[in-house]
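As structure tokens, the structure follows; a few thoughts come after it.
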Amino acid sequence: MRTIRLMFVAALAASTVVACGGSKKATTAPVAEKSLFDRLGGKDAITTVVDMFVANIAADARINARFTNADIPGLKGKMVDQICAATGGPCKYEGKDMKTAHTGMKLTEEEFSATVEDLTKALNDAKVGDKEKNELLGALGGMKADIVGQ
Ligand code: HEM
């Protein structure tokens, strides 16, 4: 029994040396970064940001007329699911793709920029960190070609 235990300890020691490669650096193994969804604070935090974003749009004379006939609660819910899904969260976005949703609106670059400004203000007011803010804005910025000029 004692021999078996000693062999086990020896094997464990050997594997530790191999695993650590004998270097101090290897003891601080890199921790996988959390998803953007988690870093934003999950679905509740995203819902708060979307509420603030839509309030900013409603107060923005440059674009609010575009939303006169919109189903605001429905739009908010879809935006939350879209951001949740796009950032690695456990949601499924079941709305239209961005091209279909905005076709016929002939949205301009200026209107797109105003919308991004309103979202940026919401992210700032919700105290979202710069890194997370820029990652989210980058992801949504990639949708611009499907939204503007359709
Ligand atoms: C990154 C930018 C944008 C994102 C992520 C976005 C996202 C969305 C989503 C998820 C929907 C719902 C689609 C559906 O009904 O299935 C939608 C619809 C809509 N979007 Fe956008 N959008 C963006 C830019 C804009 C801009 C710049 C405007 C106008 C200034 C705009 C005006 C609208 C309107 C009027 C609707 C229809 C709402 C309704 O009929 O209830 N969007 N958008």
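Nothing in this text is a laboratory measurement; each read-out follows from the coordinates by a stated rule. All values reported here derive from a predicted model rather than from experimental measurement. So basically every Cβ, Gly included, is an ideal-geometry build from the backbone, and we count neighbours across all protein chains shown.
May I ask for the distance between the Cα centers of the range 79-114 and the range 34-61, given as a whole number of Å?
13
Of the listed peptides 75-84, 102-111, what is their order by residue-averaged count of other C-beta atoms within 10 Å, with the highest listed first? Don't skip to the answer; put the middle values down first.
Details: 75-84: 19.3, 102-111: 13.3.
With the highest mean Cβ count within 10 Å placed first, the list reads 75-84, 102-111.
At a 10 Å Cβ-Cβ cut-off, how would you order F53, F112, fewest neighbours first? Provide the component values of the computation, followed by the final result.
Working: F53 22, F112 19.
By the 10 Å Cβ count, ascending: F112, F53.
With label points built 7 Å along Cα→Cβ from the Cα atoms of K92 and V31, find their separation and express it in nm.
3.3
What are the ³J(HN,Hα) couplings of the range 72-83, residue after residue, when phi is run through the Karplus curve with 6.51, -1.76, 1.60 and θ = phi - 60°? Round to Hz, x for glycine and proline.
Here the 3J(HN,Hα) series is 4, x, x, 5, 4, x, 5, 5, 4, 5, 5, 5 Hz.
Per-residue counts of other Cβ atoms within 10 Å, averaged by peptide: what ranking do you get for 92-100, 130-138, highest first? List each step's numbers first, then the result.
On the way: 92-100: 12.2, 130-138: 14.7.
Descending mean neighbour count gives 130-138, 92-100.
Which ³J(HN,Hα) values in Hz, rounded to whole numbers, follow from the phi angles of the range 138-149 under the Karplus curve 6.51 cos²θ - 1.76 cosθ + 1.60, where θ = phi - 60° and Gly and Pro get x?
The phi angles translate into x, 5, 6, x, x, 8, 3, 4, 7, 9, 7, x Hz.
If amide hydrogens are placed 1.01 Å from N in the peptide plane, which non-local residues have theirs closer than 5 Å to the one on L107?
Here the answer is G149, Q150, since their amide H atoms fall under 5 Å of that of L107.
Using θ = phi - 60° and the Karplus form 6.51 cos²θ - 1.76 cosθ + 1.60, what ³J(HN,Hα) does each residue of the range 119-125 get, whole Hz, x for Gly and Pro?
The phi angles translate into 6, 4, 4, 4, 5, 5, 5 Hz.
Amide H to amide H, which residues 5 or more places from A70 or on other chains are under 5 Å from it, using H placed in the peptide plane?
When sequence neighbours closer than 5 places are left aside, there are no close amide H contacts.
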